[in-house]
Ligand code: GLY
């Protein structure tokens, strides 16, 4: 009897220790997210104040203390309002909601833009959140027109949406395009027209077939013959070389197939996302802090710049993928996401005060070989970082 009593007591002790550690872990994360969000809110107000009314922020050059902005036709134009909306959700500060709403006026016209595949980034990462936070028929109509513009780039023969109209290619499709499919799922759901969703599925299936190597790494550009649908070439534009694994491309793929699984529950997309995650996180060239260099195949010391944007996208994707996977993968993905987040908020990558002109994260790479945006802050790094903070708070903290 006495012995049984002691066993019982022992188990109660272990259980309380475990729940205490868990509570401390949760409290630490709550505090971290709260302080990160408050700091980010002030930084984004500064960024807003330094961005001309008719422009969107793009990057900041600390050495010259200069901001670079873009017109709304640039692919990143949706991220600034999107991040303001996410920061409103994290802080409850209504000023951020209004600043985000203010920025939508100049973006609206892009619904008619049929010259790019980036309409998901531009319109869903902005109007999508605006509509979620303040439902409005006008926002929905803008997104529906934008989805029609995006769909107009689909080629029946090749079964893919054209990415770019520029360059040497016949019908180029880049792995990044996986990120625009979520927008088409929304359009089908809203309009009741399954065509949008069907295009999305066909594009994802053909990308799965043609963009990936056996090790689940992805080519950047696949060029199709628009008349026959045949694959002409597999290359890169922003990567180190045609056969290398451009870091952000792998991140877009990881995020993209996770979203495909969210919408379809088709296991082939989940397997693809897991395969991509395994490629990224088992790669021998991935630094110990899990913030990748801009290409996994870099060997030259002078090219070894981190791409924080890829790490931010990976973090947000892993937080979602962890919800769909079985143990022990699920915990492993969550631990990795936590670890990357902790590294992203360290002094090495996280801008302090106005150090980066209001941007949140330093050290991203836009296009290394074009010597464009190397080791700078970028709007999409911030967007996926803040999305990850919000996802962590809403999905993993009580
Ligand atoms: N989607 C363009 C880029 O990731 O650079």
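Only the coordinates and a few stated rules stand behind these numbers; no lab work does. Since the structure is predicted, the reported quantities are computational estimates derived from the model, not experimental observations. Note that each Cβ is placed from the backbone with ideal geometry, even for glycine, and that neighbours are counted across all protein chains shown.
Compare the peptides 326-333, 383-390 by average per-residue count of other Cβ atoms within 10 angstrom and give them in order, highest first.
On the way: 326-333: 12.6, 383-390: 26.2.
The packing order, highest mean first, is 383-390, 326-333.
With the Cα gyration tensor of the stretch 177-304 in hand, give its eigenvalues times 5 under a square root as the equivalent ellipsoid semi-axes, listed largest first in whole angstrom. Could the numbers behind the result be given before it?
Working: eigenvalues 156, 64, 28 Å².
Each semi-axis is the square root of five times an eigenvalue, giving 28, 18, 12 Å.
Please work out how much length the chain gains when fully extended from residue 282 to residue 303, using 0.36 nm per residue of separation minus the C-alpha to C-alpha distance, in nm with one decimal.
Details: separation 21, 0.36 × 21 = 7.56 nm, distance 2.11 nm.
Length difference between fully extended and current span is 5.5 nm.
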#### Entry: Where N is the number of residues in the stretch 305-398, Cα Rg divided by 2.2 N^0.38 Å
1.13
### Task
For the chain, report the convex hull volume of the alpha-carbon atoms normalised per residue, in Å³, without decimals.
161 Å³
### Message
Using a Förster radius of 22 Å, what is the FRET efficiency between residue 26 and residue 132 based on their Cβ-Cβ separation? Nearest 0.05, please.
### Response
0.30
### Summary
In nanometres, the difference between 0.36 nm per residue of separation and the alpha-carbon distance of residue 195 and residue 342 is 48.8 nm
### Query
How many percent of all Cα-Cα pairs in the stretch 24-80 sit more than 17 Å apart?
52 percent
### Query
Taking the Cα atoms only, what angle lies between the long axis of helix 247-264 and the longest principal axis of the chain, rounded to 10 degrees?
80 degrees
### Query
How far is helix 195-210 tilted, in degrees, relative to the longest principal axis of the Cα atoms in the chain, given as a value from 0 to 90 rounded to the nearest 10?
80 degrees
#### Entry: Tilt relative to the chain, helix 308-324 - C-alpha long axis, 0 to 90 degrees, to 10
60 degrees
### Message
Please compute, for the alpha-carbon atoms of the stretch 241-283, the extent along each of the three principal axes and give them in descending order in Å.
### Response
34, 17, 13
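Where does the chain land at 222 nm, in deg cm²/dmol rounded to the nearest 500, when only DSSP H runs of n ≥ 4 count, each adding -39500 (n - 2.57), divided by all residues?
Values: 12 runs with 203 residues, N = 398.
Result for the chain, helices only: -17000 deg cm²/dmol.
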### Summary
Listed residues 166, 211, 129; largest mean-square fluctuation, Gaussian network over the chain with Cα springs below 10 Å, found at 166
### Task
Report, largest value first, the span of the C-alpha coordinates of the stretch 164-209 along each principal axis, in whole Å.
37, 22, 15
